[in-house]
There are 2 protein chains.
Amino acid sequence: MGTKLTAKGRATRSRIVEGAAEVLRERGIAAATLDDIMARTSTSKSQLFHYFPTGKDELLLAVARFEADQVLEDQQPYLGRLDSWEAWEQWRDVVIERYEKQGDTCPLGSLFLQIGRSTPGARAIVTGMLHRWQESLAAGVRALQAAGELPADLDVETRAASLLAAVQGGVSILLSTGRSAHLRAAVDQGIADLRRAGQAPG
Amino acid sequence: MGTKLTAKGRATRSRIVEGAAEVLRERGIAAATLDDIMARTSTSKSQLFHYFPTGKDELLLAVARFEADQVLEDQQPYLGRLDSWEAWEQWRDVVIERYEKQGDTCPLGSLFLQIGRSTPGARAIVTGMLHRWQESLAAGVRALQAAGELPADLDVETRAASLLAAVQGGVSILLSTGRSAHLRAAVDQGIADLRRAGQAPG
DNA sequence: CGCACAATGGACTGATGGGTCCACTGTAGT
DNA sequence: ACTACAGTGGACCCATCAGTCCATTGTGCG
């Protein structure tokens, strides 16, 4: 990591990561080979090992980082500003659209299944992303509390956690079945129940 | 499939499937090899290809079927009789216990990620299991309606779908992080919101 | 201009692992 | 008991693919 990279080097490195991400999405983690990545990114094997000396796992880890950042970025600006019911609905739309477009490829899921529990870094990436995601949702709930839309004694963390789980579950089922009905149902129901919590205290 | 199997043959075949399931859970799908399975089940390569002529994918498919059945079986008898709030709570306990015990290994998820969209049969297995699961949940909600615990105009399918997504999401996060907090939060919240729907109509 | 080192090309290797083949043994049915 | 075929053992083959090595080209810098 401490290796010096020139401007050209940095460009090549990110070209590799982004190209690898594409290949992984298309071919799937199991089928994707270094040669596929070389072909896609117009690089040679020595370049791959120049930028990722440890080999494939290191590259996959870099791709995982890239994809994890992408997940949250794609939900902006709404995820960062959930301070009205309108914002929540718009966030909902973005999430559903994003995952419907993604279809049945799960870059992150398959990635960390491959390197998964074997390496410590992989789990940290996913955990960190989920944590930031949930924090944003929790901030949104708190914003609604501040706006008087939700009671102050609401269990914010549990709500945020179950909303996050709703999205994850919907995506998970989308990946399995190819249909987004569950994602829609889960997110809609989650927001609806949150809304109802503002009307009937409990 | 139409091949004749003697009692001995059937025994060997299921020994292979169950042993393979163990190996896949331990090693993970990516690392598990036919040799691992041979070692675990005390079989030879010719046996593997005798019972699964097409090769590895056919074996993995059989394991997927086995695991899918297991998932639903493990939730019985509660999942089949969700006609009171007590039954729902007991089902909740069983689900959480089951997945906490399973930990961060996801036999089904990884299995169909490997063969996934490539083969048509794989998706059918998961889809079928999810469908039966959701049907049981929907039946439970209807039972509560019949018992007067829930209003008759409740959208049963959406509730069932989002409950299923809640479980899936919780499990998915459990797999990623190793912590079951989200599973608990999502299922508890889901049941709590269902309960509240019985008090404040909407 | 020239040195040091980054960047690149691509042939080669070595091991892994799925799949094949044939020979041998057990067993069910007549 | 014999015969046909299921069941079993294990050596062998071969494609694939991650990883190595060295030679060559490009680039920043004093």
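Figures for the structure shown
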quantity: Pair list, Cβ under 9 Å, 6 or more apart: region A:3-26 residue within 14 Å of another protein chain (Cβ to nearest Cβ), other residue within 15 Å of DNA strand D (Cβ to nearest atom) and assigned to a loop (DSSP other than H, G, I, E, B); calculated: A:24/A:32; A:26/A:32
quantity: Test: residue in region B:102-121 that is at pLDDT 95 or above, surrounded by fewer than 17 Cβ atoms within 10 Å (Cβ to Cβ) and not basic (Lys, Arg); calculated: no
quantity: Tally, over region B:170-180, of residues that are at the interface with another protein chain (Cβ under 7 Å from one of its Cβ atoms) and within 13 Å of the chain's Cα centre (by Cα); calculated: 1
quantity: Filter result for residue B:72 (modelled with pLDDT of 90 or more, away from DNA strand D (no atom under 16 Å from the Cβ) and in a helix (DSSP H, G or I)); calculated: yes
quantity: Residue within region A:113-120 that is aliphatic (A, V, I, L, M) and more than 17 Å from residue A:193 (Cβ to Cβ) present; calculated: yes
quantity: Condition check for residue A:139: under 20 Å from residue A:87 (Cβ atoms) and open to solvent by 30 Å² or more (accessible area, probe 1.4 Å); calculated: yes
quantity: Within region A:31-56, considering residues that are assigned to a loop (DSSP other than H, G, I, E, B) and buried (at least 17 other Cβ atoms within 10 Å of the Cβ), the one nearest to DNA strand C (Cβ to nearest atom); calculated: A:43
quantity: Test for residue B:86: is it exposed (fewer than 13 other Cβ atoms within 10 Å of the Cβ), within 14 Å of chain A (Cβ to nearest Cβ) and more than 13 Å from DNA strand D (Cβ to nearest atom); calculated: no
quantity: Members of region B:14-29 that are within 14 Å of DNA strand D (Cβ to nearest atom) and open to solvent by 60 Å² or more (accessible area, probe 1.4 Å); calculated: B:15
quantity: Condition met for residue B:68 (assigned by TED's automatic domain parsing to the domain that holds residue B:17 and either within 12 Å of DNA strand C (Cβ to nearest atom) or within 23 Å of the chain's Cα centre (by Cα) (or both)); calculated: no
quantity: Residues of region A:147-176 that turn out to be surrounded by fewer than 17 Cβ atoms within 10 Å (Cβ to Cβ) and either more than 20 Å from residue A:89 (Cβ to Cβ) or free of Cβ contacts under 8 Å to residues at least 24 places away in the same chain (or both), as a count; calculated: 6
quantity: Boolean, residue B:95 is more than 9 Å from every other protein chain (Cβ to nearest Cβ) and surrounded by 15 or more Cβ atoms within 10 Å (Cβ to Cβ); calculated: yes
quantity: Subset tally (residues that are small (Gly, Ala, Ser) and under 27 Å from residue B:28 (Cα atoms)) for region B:57-110; calculated: 6
quantity: Answer residue from region B:191-202, given it is open to solvent by less than 30 Å² (accessible area, probe 1.4 Å) and more than 7 Å from chain A (Cβ to nearest Cβ) and is nearest to the chain's Cα centre (by Cα) among those; calculated: B:191
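The values are calculated or read from the model by the stated rules, or taken from the named source; none is laboratory data. A quick note: this is a predicted structure, and the numbers were derived from the prediction, not measured. In this analysis, Cβ positions are derived from the backbone assuming ideal geometry, glycine residues included, and neighbour counts consider all displayed protein chains. Please note that ligands, DNA and RNA were not included when accessible areas were found on the heavy atoms of the full protein model with its side chains. Shrake-Rupley method; radii C 1.70, N 1.55, O 1.52, S 1.80 Å.
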